[in-house]
Every structure is written in C-alpha cells, then in structure tokens.
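Peer 1: The structure follows.
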Amino acid sequence: MMHKKTITFLVFLFAVFSAQAIIRIEDGKGGVAYVMSSPDNKIEVTAGNLPDGKAYYQVTKNANKIIAPSALGVSIVSKEPELGENVEIIDAKVATFDETWEQVWGEERFVRNHYNELTVKFRQKTGKQRLFNVIFRVFNDGIGFRYEFPEQPNMDYFIIDDEKTEFHIAGNPKAWWIPSHAENSFGESLYRKTSFDKIDVTAATPLTVEMSDSKLEGYGTHLAIHEANLTDYASMTLINTKENTLKCELVPWANGLKVYARTPFVSPWRMVIIADNAGELLTSHLELNLNEPCKIENTSWIKPMKYVGIWWGMHINKYTWQMGEKHGGTTENTMRYMDFAAKNGFGGVLVEGWNYGWESLEHDGNFMNFTRPFDDFDLEKICKYGQAKGVNFIGHHETYGAVLNYERQMAEGYELLQKNGVHAVKSGYVKDKFDKVEWHDGQYGVRHYRRALEEAAKHQIMLDVHEPIKQTGIRRTLPNLMAQEGARGQEFNAWDNGGGNPPSHTCTLPFTRILAGPMDYTPGVFNFDIPHPKARVQSTLANQLALYVVLYSPIQMACDLPENYEKNPKPFQFIRDVVTDWDTTVVLNAAIGEYVTIVRKDRNSENWYIGSITNEQPRSFKIKLDFLTAGEKYVAQIYADGKNADYKTNPTDIIIKEIKVNSKTVLDLKLAAAGGQAIRIVKK
Ligand code: NOJ
C-alpha cells in the first residue's frame, strides 16, 4: 500500500440525487489523496499527489488491485515542469449522476448512465502555478477520467507535447492488442495475444486484458483500456514503458507536437472497462456514457439497414472501379442491384467507382471529384429508380487521404446526394498520412473526421467510414455515424496474400475493435471459391450467417454477388430476415479469440436472433432459452453446420430446420471448425 491510510477528516456533501462522501487521505509526508467508489461500491478510485508532488491515481475492484499507482499529467511546451510533476491539490469535489437514456439505434435500446464523480483540482507548486483538474467518473462497469484545463491568468493558448497518463496493470496479465502504426494505422492487423510485458511497440486502443485471476478462459476479471469522446485531440496509443505499465503516447502532428489547445479545454476521457468476465465487456456502455447526448434534433432520417453493393465484385476482380469493359458502377448494373435489393428487403445499394477521379489510376485523392458522376452512371435516374422501390443509393466518397481536396468539395458532394434523396455515404481514406504528411489519427485527422460527420449531418447523410479514426462513442452525440471499418474486414478474404482472416479473428473482434463501436465487417460470403491464389474465406457458411448477430453494426452488408444469393435461397433467407437494430443484447458464452454466442432481441418485434461462432476448434454448447418470455410459444429457425461441414474443403454444408421452442428449451449447438450457428426465434 502506497499510503499509510490516515483519514484526517471527512466532509459530507449532498449532490444531485444522493449523498456522496468526500474522502480525503493524508499520508503524513505531504501526500494527499481522495477516494471515490462506484455506485455499487465495488470499484474504488484513489487520486492525489505523492509526497514528491507527482499526481497519480489507482483503481481497485472488490479491494483487489486493478490499476496500481499510475502517473497523471501532461507536458506542455514550456520551460517549467510538466503539469502533474510538482503539484499540490487545492480542492476536490464530488457529485453523483443517474439517468436512463434511449439510443437512436443500438445494441440496447435503453442505457443507464449511473456514476459517482470526483474532481481533483491540482496546482503547480512553483513557477506560473498553472491549474489543471482531473475529473473521474466511477461506474459499476469501469472508470473514466479526463483532464480539464480551466481558464486562468497564466495559461491561454498552449501546446501539449506529451501526455503522461499511465495504466500500471497489476500482475502480468494477458493482453489482446494490435500495433497502432507498425503495419497499418487503420487497425487492419491481426490481434496478438501476449503477456503484458510482450507488448513491444505502440499499441492501439481498445486494448483488452484478461487479469491473472482468470482460472477458466473467458472467466475472471477482464479490462478494456480505451478513450471516449475524442473530439479535438490526438489519439491515445499505448507504449509499454516499464513493468506492466502502459503509457499514453499521443499521435503527433508532422512537427512532432501533439495537441494545440486553448483554455478552457478538456481532453478526451481515458477509460477502463472492468468486467467480471469476457462477455460483460460487450454489454458495457461506459464509452457511450462518457459522450454527450444526441445533438441531432430530427433523427427520423437515421435508419439502420441492410445493404448490398457493387463492391465485392471489385475485390474479386470481376468488376473495376474505373469506366471500361468491366466497370461495375454503371447505370444498368446499379439498377439490377436495386431490383435485387427491393426484392429482398435491403435498404440500400452501395456503388463504388461512380465518380470521376478513379480513372486517374494514380490513387491520389487530389484527383477525386465528388460532384461529377462517371458518364455511364446516371445519378438522377438511378436515385429515382431506387426510391420508387424503397431502395437508397449509397454514395461512395474515396478520398485517398486527400483531406484538403475533400473538405473543399465535401458540402457540395453531400448536397448533390441530398438533392437526389440519398441518406448514406461510405467514405474512405486509403492512405496513412493525410495530405501526404499528417497521421490520420493525430489531431489534424481527428478534426477532419469530426468536420465531415457534422457536415454530413447538416445534409441528413449517415456515414459509414472506412480507414476511420477509431470510434470513441461519438455515435451517441452524432448518431449519423453508423459504422466504421478500422480492422481487417471481409475484404482481406478476397485478396490477402497471407491467406485471409484466420477463424480466431472474428472471435476476437467483438472483444477488441467492436468494443469501440459498430464495425462494417461486411459478412455474407456464399461463394467460397475465391479467385485469388492465396486468399480464402476461413469460415463455414453457417458462420457467415452468425456474423450478422455476432459482429454488431446498425448497417450490415450482404457482401456477395446477387447471383450467389439467388442460387442459394434457403440460407439467404436468414440474411433477408435478420434485423440490425436491437432492444436487448445478452452474451451467452464467450472466450476471446475462441468462441462467442450472442443473443439479441429485435427492437421492433418480439423475435430474437442468436449468433454463435468458434475458431479452428469445433465446439458444442448447450444454450438455455430462458431469455424468452415464459409461457409464450416460439419457433426457432436454425441454420447449423452440416455433418460434413469443413471450412477448408466443404464450407457450404448447412442444415436448415425449424423446431418449436419456449423459455424452458435447452438447445444443443454443434459448431464445426471455424463454424457457426445462426438462429431466428419467432414468436407465434
Ligand atoms: C478500402 C475499403 O475498405 C474498401 O471497402 C473499398 O472498397 C476500397 N478501399 C476502395 O475505396
């Protein structure tokens, strides 16, 4: 224990709804700390300064150490010591908050936002005596904290050149992580599973941890370290500095500096989900609760949907993005896709390669034109044709990271689509460096993504961002941010020389990348005959169906060619039926990278959907349907791996059957290697 805990005085304050105690601890050597607990009293945060003046915090759950004493502070460009180095506490205050809010769309309709808050006010002991506060929010499912730089005489404009925040995790636990910039800065790496001390390069967040108390895989304390509400700051990556300690490493501007700011100013929230098992990570709403409420008044145009697109055809070389013989995005082909979409209940048709710029073949976004359709793409005709059938054209804006070029045209580009009744755009940023010099995830890029999202909202456009800035819960404030990529998606299975995504990948995504927010993975491959010499879809057909439930997104693509669905109407029925907006989500079993079974209730009916997937290991599960309403009758439509299903040689062997079920039924699920099971439970 760092402090000799002598509670010198206790003051009780009455905050909004209930009494909160300010607990102050002095160690007798100059160290002062304050303590705040979660509403259920299980999680406890202690924050203050050490006798040598360094600011720190620590976290326990059920009195077990989660985060050992870890540094707080930022360094600003100045000749004086950094903020957090030689500080005293001038004040502290507490509050409590409890509300339940409704999501515009989501995995869960109603979200409880219940926390206790502690603000610790620090002052530099010497020099300009600058002030900064650290605000902690302690929830039952984890903690968040952020730096606040109030208006003050000696601090107006300032530049952050380093953030000192540390996460000193107790023990040497297991972690699932990807490098933040080593292979690709958009998160398109395979997750590593290593002990904490083997994190050897800067890692991206969310970074997921299984603490050493886990006796059985998937059970025991799990953490996810991430950030929330990244709005005008640099992204936080994590670097292993010393024994089990990850330090915040902000992504720099091209000049090496990190954040330009002016008081009053706040940083994003640093957050740690603290769950009792792997499944609980998925049902935490910590990130959303650390964001601001919805700012869009009329959200009637924001609609979850399933979509198809002229897209997979390009990735398997059937079509080209450019005009020519194999051009995918022609008027005729788009209308054919729209017919297919209308017939099968899809809300949109994505078309890539509809606009001038693609033909330059230079892959330089400065050539991209977002208001000039290709000559063989009649935008107006296509949009009218689709609308008459209830299908929206989904525009594609590939910027190739030429952000200045995009920002010049963005408003007009959205305007053109809005004029044609379009409500969705997939944007793309295929280039690590924006405008050739700035990281996409530095403050420069963060500002751009936000600007694009706000501009899109003005034109009633929903965004699906590929090569995005990581999600940090902004979807709560601007729910036109539907989904993002930001990880290896299905497209790797079309052209990856490394053989495509291994089966463990989709079993890892829900506990890592998707903790940050919905992912546009684009499931639904039906034709496993991939023309690439090395790339493969390493899953069974039943697994592809289960991904619609397992990999959360309010927009889900059916990625394969319409002709491949038309040839397989029976399994396709699941994609036709599955919904993308949920009332409730329950995780039935989970072990990261191994398997996961999720059940979700449709927001607009009494139907439930189960998705279960496994990695290379075949598995059997017994699933209790006790989430169904007792006394009611249901029919389960089951899409299971066939007896001879084999993801390498026979992925399409599938059993489709219907059985009567109720809340007392226990289902036996049998999953082949890299297999899965998708179930629709319909109330009768
Ligand atoms: C990468 C995106 O992830 C993919 O979906 C898109 O087709 C290409 N870029 C071209 O923009």
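The values are calculated or read from the model by the stated rules, or taken from the named source; none is laboratory data. Only a predicted model underlies this, so the values are computations on that prediction, with no experimental measurement involved. Glycine gets a Cβ as well: all are built from the backbone with ideal geometry, and neighbour counts include every protein chain shown.
Peer 1: Failed condition for Thr330, given (1) within 15 Å of the ligand (Cβ to nearest atom); (2) surrounded by fewer than 24 Cβ atoms within 10 Å (Cβ to Cβ); (3) hydroxyl-bearing (Ser, Thr, Tyr), with all others met?
Peer 2: With (1) within 15 Å of the ligand (Cβ to nearest atom); (2) surrounded by fewer than 24 Cβ atoms within 10 Å (Cβ to Cβ); (3) hydroxyl-bearing (Ser, Thr, Tyr) applied to Thr330, the lone miss is (1).
Peer 1: Also: Residues Phe158, Phe196, Phe145, Phe167: which one is crowded, with 17+ Cβ neighbours inside 10 Å, modelled with pLDDT under 95 and hydrophobic (A, V, I, L, M, F, W, C)?
Peer 2: Details: Phe158 fails: modelled with pLDDT under 95; Phe145 fails: modelled with pLDDT under 95; Phe167 fails: modelled with pLDDT under 95.
Being crowded, with 17+ Cβ neighbours inside 10 Å, modelled with pLDDT under 95 and hydrophobic (A, V, I, L, M, F, W, C) holds for just one of Phe158, Phe196, Phe145, Phe167, which is Phe196.
Peer 1: Okay, moving on. Return the only residue of Gly631, Gly676 being surrounded by 15 or more Cβ atoms within 10 Å (Cβ to Cβ) and out of contact with any His (no Cβ under 8 Å at 6 or more places or on another chain). I'd like the intermediate steps shown before the answer.
Peer 2: Values: Gly631 fails: surrounded by 15 or more Cβ atoms within 10 Å (Cβ to Cβ).
None of the others qualify; the one that does is Gly676.
Peer 1: Restricting to segment 293-302, and then to whatever is surrounded by fewer than 21 Cβ atoms within 10 Å (Cβ to Cβ) and not hydroxyl-bearing (Ser, Thr, Tyr), can you tell me which residue is nearest to the ligand (Cβ to nearest atom)? Even if it seems obvious, please write down each step before you answer.
Peer 2: Just the residues of segment 293-302 that are surrounded by fewer than 21 Cβ atoms within 10 Å (Cβ to Cβ), to begin with: 293-301.
Restricting the remaining residues to those that are not hydroxyl-bearing (Ser, Thr, Tyr) gives 293-298, 301.
Values: Pro293: 31, Cys294: 28, Lys295: 28, Ile296: 26, Glu297: 32, Asn298: 30, Trp301: 24 Å.
So the residue we want is Trp301.
Peer 1: Does segment 314-330 contain at least one residue that is touching a strand residue (DSSP E or B) at 6+ places or on another chain (Cβ under 7 Å), closer than 19 Å to Leu547 by Cβ and assigned to a loop (DSSP other than H, G, I, E, B)?
Peer 2: Taking segment 314-330 and keeping what is touching a strand residue (DSSP E or B) at 6+ places or on another chain (Cβ under 7 Å), we get 314, 319-320, 326-329.
When the remaining residues are screened for being closer than 19 Å to Leu547 by Cβ, the result is none.
No - not one qualifying residue is present in segment 314-330.
Peer 1: Additional query: Against the condition of a type outside the set (A, V, I, L, M) and either within 16 Å of the ligand (Cβ to nearest atom) or more than 30 Å from the chain's Cα centre (by Cα) (or both), how does Gly390 come out, does it pass?
Peer 2: Values: of a type outside the set (A, V, I, L, M): yes; either within 16 Å of the ligand (Cβ to nearest atom) or more than 30 Å from the chain's Cα centre (by Cα) (or both): no.
So Gly390 does not fit the description; no.
Peer 1: Just the residues that are surrounded by fewer than 24 Cβ atoms within 10 Å (Cβ to Cβ) and in contact with a Cys (Cβ under 8 Å, 6 or more places away or on another chain), please, taken from segment 438-477.
Peer 2: Listed by number, the list holds a single entry, Thr477.
Peer 1: Next question. Residues that are more than 19 Å from the chain's Cα centre (by Cα) and either of a type in the set (D, E, K, R) or buried (at least 24 other Cβ atoms within 10 Å of the Cβ) (or both): list the strands (runs of 3 or more DSSP E) wholly contained in segment 209-285 that include at least 1 such residues.
Peer 2: Details: elements: 219-228, 236-242, 245-250, 259-262, 269-277.
Fully inside segment 209-285 and qualifying: 236-242, 245-250, 259-262, 269-277.
Peer 1: Met305 fails exactly one of the following numbered conditions: (1) within 14 Å of the ligand (Cβ to nearest atom); (2) surrounded by 21 or more Cβ atoms within 10 Å (Cβ to Cβ). What is the number of that condition?
Peer 2: (1)
Peer 1: Which pairs have Cβ atoms under 8 Å, sit 6 or more apart or on different chains, and link a residue in segment 153-168 that is over 20 Å from Val209 (Cβ atoms) to one that is of a type in the set (Lys, Arg) and at pLDDT below 95?
Peer 2: Cβ pairs passing all conditions: Asn154/Lys128; Met155/Lys128.
Peer 1: Can you name the residue in segment 172-190 that is among the small types (Gly, Ala, Ser) and surrounded by 17 or more Cβ atoms within 10 Å (Cβ to Cβ) and, of all such residues, is farthest from the chain's Cα centre (by Cα)? Reasoning before the result, please.
Peer 2: Here is the first cut: in segment 172-190, the ones among the small types (Gly, Ala, Ser) are 175, 180, 182, 185, 187, 189.
Then drop every residue that is not surrounded by 17 or more Cβ atoms within 10 Å (Cβ to Cβ), which leaves 175, 180, 185, 187, 189.
Numbers: Ala175: 18, Ser180: 15, Ser185: 15, Gly187: 11, Ser189: 15 Å.
Per the stated criteria, the residue is Ala175.
Peer 1: Same structure, new question: Please go through segment 430-460 and give me each residue that is touching a residue at least 60 places away in the same chain (Cβ under 8 Å), closer than 12 Å to Val403 by Cβ and part of a loop (DSSP other than H, G, I, E, B), ordered by number.
Peer 2: Lys431, Val437, His440, Gly442
Peer 1: Looking at this structure, is Thr320 within 16 Å of the ligand (Cβ to nearest atom) and crowded, with 17+ Cβ neighbours inside 10 Å? First the steps, then the outcome.
Peer 2: On the way: within 16 Å of the ligand (Cβ to nearest atom): yes; crowded, with 17+ Cβ neighbours inside 10 Å: yes.
Yes.
Peer 1: What are the residues in segment 514-529 that are within 16 Å of the ligand (Cβ to nearest atom) and closer than 26 Å to Gly642 by Cα, if any?
Peer 2: Scanning segment 514-529 gives Tyr521, Thr522, Pro523, Gly524, Val525.
Peer 1: So which residues in segment 502-533 are in a loop (DSSP other than H, G, I, E, B) and touching a Phe, Trp or Tyr at 6+ places or on another chain (Cβ under 9 Å), if there are any at all?
Peer 2: First, the residues of segment 502-533 that are in a loop (DSSP other than H, G, I, E, B): 502, 512, 517-518, 520-533.
Within segment 502-533, Thr512, Gly517, Pro518, Thr522, Pro523, Gly524, Val525, Phe526, Phe528, Ile530, His532 meet the criteria.
Peer 1: For His396, are the conditions met, namely being under 25 Å from Glu467 (Cα atoms), within 16 Å of the ligand (Cβ to nearest atom) and in contact with an Asp or Glu (Cβ under 7 Å, 6 or more places away or on another chain)? Explain how you work it out, then say what you get.
Peer 2: Working: under 25 Å from Glu467 (Cα atoms): yes; within 16 Å of the ligand (Cβ to nearest atom): yes; in contact with an Asp or Glu (Cβ under 7 Å, 6 or more places away or on another chain): yes.
It is true that His396 is under 25 Å from Glu467 (Cα atoms), within 16 Å of the ligand (Cβ to nearest atom) and in contact with an Asp or Glu (Cβ under 7 Å, 6 or more places away or on another chain).
Peer 1: Which one is surrounded by the fewest Cβ atoms within 10 Å (Cβ to Cβ), of the residues in segment 409-437 that are small (Gly, Ala, Ser) and within 16 Å of the ligand (Cβ to nearest atom)? Walk me through it before giving the result.
Peer 2: The first filter runs over segment 409-437 and keeps only residues small (Gly, Ala, Ser), leaving 411, 413, 421, 424, 427-428.
Of the ones still in play, those that are also within 16 Å of the ligand (Cβ to nearest atom) are 413, 424, 427-428.
Numbers: Gly413: 25, Ala424: 26, Ser427: 25, Gly428: 21.
Per the criteria, the residue is Gly428.
Peer 1: Continuing with this model, one more query. Of the residues Ala542, Ala487, Ala457, which is within 13 Å of the ligand (Cβ to nearest atom) and among the small types (Gly, Ala, Ser)?
Peer 2: Working: Ala542 fails: within 13 Å of the ligand (Cβ to nearest atom); Ala457 fails: within 13 Å of the ligand (Cβ to nearest atom).
None of the other options fit; the residue is Ala487.
Peer 1: Ok, one more. I'd like the full set of residues that are within 16 Å of the ligand (Cβ to nearest atom) and in a loop (DSSP other than H, G, I, E, B), limited to segment 462-476. Can you show your working first?
Peer 2: To start, the set of residues in segment 462-476 that are within 16 Å of the ligand (Cβ to nearest atom) comprises 463-471.
Within segment 462-476, His466, Glu467, Pro468, Ile469, Lys470, Gln471 qualify.
Peer 1: Further question: Those residues that are modelled with pLDDT of 95 or more and within 12 Å of the ligand (Cβ to nearest atom), I need them from segment 348-387; list them, please. It would help to see each step written out before you state the result.
Peer 2: To start, the set of residues in segment 348-387 that are modelled with pLDDT of 95 or more comprises 348-358, 365-387.
If the condition is that a residue be modelled with pLDDT of 95 or more and within 12 Å of the ligand (Cβ to nearest atom), then Leu350, Val351, Glu352, Gly353, Trp354, Asn355, Gly357, Trp358, Gly365, Met368 are the ones that fit.
Peer 1: OK, next. Gly499 passes all but one of (1) touching a Phe, Trp or Tyr at 6+ places or on another chain (Cβ under 8 Å); (2) away from the ligand (no atom under 13 Å from the Cβ); which number fails?
Peer 2: Only one criterion in (1) touching a Phe, Trp or Tyr at 6+ places or on another chain (Cβ under 8 Å); (2) away from the ligand (no atom under 13 Å from the Cβ) is unmet by Gly499, namely (1).
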